[in-house]
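Enquirer: Below is the structure I would like to discuss, written out as structure tokens.
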Amino acid sequence: MPAQPDDDELLLIQQSGVVLRAGLLSLSSGTGSYRVKETMRRIAAALGIDRHHAQVTLTEITSTSHRGRSFRTEVAEVHGVGVNASRIAALEELATRVGSADRPVGIPELTAALDVIEREPPRYGAVLNGLWAGLACAAFAFLIGGGPFEVVAALAGGWAGQIARRLLLSRHGNQFGATTVAAATACATYLLAVEAGRLVGEPVAAHQAGYVAAVLFLIPGFPLVTAGLDLAKLDLSAGVARLVYAALIAVSAGLAVWAVALVLGLSPDPLPGPDLPPAALVPLQAAASFVGVAGFALMFNGTARMAAAAGTIGMIANLLRLELIRVDLPPQAAAAVAALLVGLLAAVAGPWLRVPRITLTVPAVLVMVPGVLLYRAIFAVSEGDAGAAVGTIAQAALVTMALPIGLAVSRMLTDRRWAFDR
């Protein structure tokens, strides 16, 4: 007969379960594997566990807790990948609080705290969450050269697309299928909004090329950035998995955009941009950068404080990036410098506001992700234009890789645990 565990082993089993639950909540909130491990380590130490080790991938955790001669290994997975900035912040606050306690924390206390965090409903309903996505897309539309019609149409498209995605995911729809439907909905809504311009005598063809702006809320920013940070920590299993997931999300959205373009005979051509003097253009770019970043932060279920801080950081960094590009610095170099600035500013603002740095850095760099280039690359591949596809993919990849590199360097400059292996 199998031996029955003694009281000490039963206690370790219960403690290990609490640690694993905290890790699963953190992982399902979209944070990087390094943060998941740190959260689990702090809670394990607060419970009195001697040593804790975790192997974290995109959807799975292997957790081993040691105390004395006993150990407990458990494996679990999450069934959905999403982003919840408020939950990331709540788990960070809990881990910090119990980690600084001057006494061991009891299992009932931690279980009750995790219950509260898990049961916390989304801050914004589907309609309001969609509005934040629409505002981010409208800001993108202006930053990529759109005028008033493109901005309004992108707001409508992003709003409708995010509502469609939110409703499908709330019913446990397949993530890639939900992304495809959301992209098609956003494009169709954008084009309907542009078509409505006929009512005021506006030529429709002049504004159709901006339809790509309406799907930029589908940029997989959190997995792209956390993949780069995980790779910087040599966590290859998590980093590669996140990178593949982000690529599949981008392809799912891109193919839907291409299908709409094929049916309607559209092409994601560059927009001409507003003909404004620098004295008027720069303030508008600053406002668009702030709104775009804040919109993403709120779409990720962030608080108003997170959105305001991320928007301010993103606005400053993006204006620097645009200015560097104007003086002929390569776009990837400008993106790396701007991301470095984002990381340094977040290192100051995060502790001051008591929010995790990742809830500020990811929205702040999303406005710099070359989403339009990614969709143009997929369009070129689908059209069989190999030359344009290779060039566009290379340009988009260089800028995209530069962002997590800049953030990783900022972490190395401000966090000893990132600068040294031991």
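Taken together, the values in this text are just the output of simple stated rules run on the coordinates, not laboratory data. Since the model is a prediction, treat every value here as computed from it, not as a measurement. Cβ: placed from backbone, ideal geometry, glycine included. Neighbour counts: every protein chain shown.
Enquirer: Name the residues of segment 30-53 whose amide N is less than 17 Å from a point 7 angstrom out from the Cα of residue 62 along the C-beta direction?
Expert: Residues passing the 17 Å test: 33-34, 37, 52-53.
Enquirer: For the chain, with the dipole built from +1 on Lys and Arg beta-carbon atoms and -1 on Asp and Glu ones, taken about the Cα centre, which of 144, 197, 15 lies farthest toward the positive end?
Expert: Farthest towards the positive end: 15.
Enquirer: Mind pulling the angle between the C-alpha long axis of helix 175-195 and the longest principal axis of the chain? Nearest 10 degrees, somewhere in 0 to 90.
Expert: It is inclined by approximately 30 degrees.
Enquirer: While we're here: Out of 395, 261, 223, whose Cα points farthest toward the positive end of the dipole of segment 126-419 (charges: +1 Lys, Arg; -1 Asp, Glu; placed on Cβ)?
Expert: 223
Enquirer: If contacts are Cα pairs under 8 angstrom and at least 6 residues apart, what is the relative contact order of segment 126-419 in percent?
Expert: Result for segment 126-419 is 20 percent.
Enquirer: Cut-off 12 Å, label point 7 angstrom out along Cα-to-Cβ of residue 264: give me the residues of segment 142-176 whose amide nitrogen falls inside.
Expert: 153-154, 157-158
Enquirer: Same structure, new question: Round to the nearest 10 and give me the degree value, 0 to 90, for the angle of helix 331-353's Cα axis relative to the longest principal axis of the chain.
Expert: With rounding to tens, the tilt is 50 degrees.
Enquirer: Continuing with this model, one more query. Segment 64-123: which trypsin sites (Lys or Arg not before Pro) are DSSP loop and have at most 16 other beta-carbon atoms within 10 angstrom?
Expert: 69, 123
Enquirer: Further, regarding this structure: What is segment 7-119 by shape, rounded, prolate or oblate, if you read a ≥ b ≥ c off the alpha carbon gyration tensor as root eigenvalues and call it rounded for a/c under 1.5, prolate for a/b larger than b/c, and oblate otherwise?
Expert: Since a/c reaches 1.5 but b/c is at least a/b, the shape of segment 7-119 is classed as oblate.
Enquirer: Between 0 and 90 degrees, rounded to the nearest ten: what's the tilt of helix 304-326 against the longest Cα principal axis of the chain?
Expert: For 304-326 against the chain, the angle is about 50 degrees.
Enquirer: Shifting gears a bit: Just need the relative contact order of segment 305-422 here, percent rounded to a whole number, with Cα pairs under 8 Å and 6+ apart.
Expert: Over segment 305-422, the number comes to 33 percent.
Enquirer: Given (1) 64, 48, 32; (2) 66, 49, 43; (3) 80, 43, 39 as candidate values of Cα extents along the principal axes in Å, which corresponds to the one derived from the coordinates?
Expert: The value matching this structure is (3).
Enquirer: Still on this structure, please answer the following. Just want to confirm a number: the relative contact order over segment 7-119, from Cα pairs under 8 angstrom separated by 6+ residues, in percent. Could the numbers behind the result be given before it?
Expert: On the way: 173 pairs, mean separation 33.9, N = 113.
Relative contact order, segment 7-119: 30 percent.
Enquirer: Viscosity 1.567 mPa s, temperature 4 °C: Stokes-Einstein D of segment 331-422 from its Kirkwood Cα radius, in µm² per second?
Expert: Values: Rh = 14.3 Å.
It comes out at roughly 90 µm²/s.
Enquirer: At 7 Å along Cα-to-Cβ for each site, give me the label-to-label distance between residue 171 and residue 413 in nm.
Expert: 4.8
Enquirer: Let me ask another. Which Cα, out of 271, 252, 85, lies furthest along the positive dipole direction of the chain (beta carbon charges, K/R +1, D/E -1)?
Expert: 85
Enquirer: Assigning unit charges at the beta carbon (Lys, Arg +1; Asp, Glu -1) and nothing else, what dipole magnitude in debye, to the nearest 20, does segment 1-119 show about its Cα centre?
Expert: Charge dipole, segment 1-119, about its Cα centre: 320 debye, nearest 20.
Enquirer: Return the calculated 222 nm mean residue ellipticity for the chain, to the nearest 500 deg cm²/dmol, obtained by summing -39500 (n - 2.57) across DSSP H runs with n ≥ 4 and dividing by the residue count. Write out the running numbers ahead of the final one.
Expert: Working: 16 runs with 291 residues, N = 422.
Rounded to the nearest 500, it is -23500 deg cm²/dmol.
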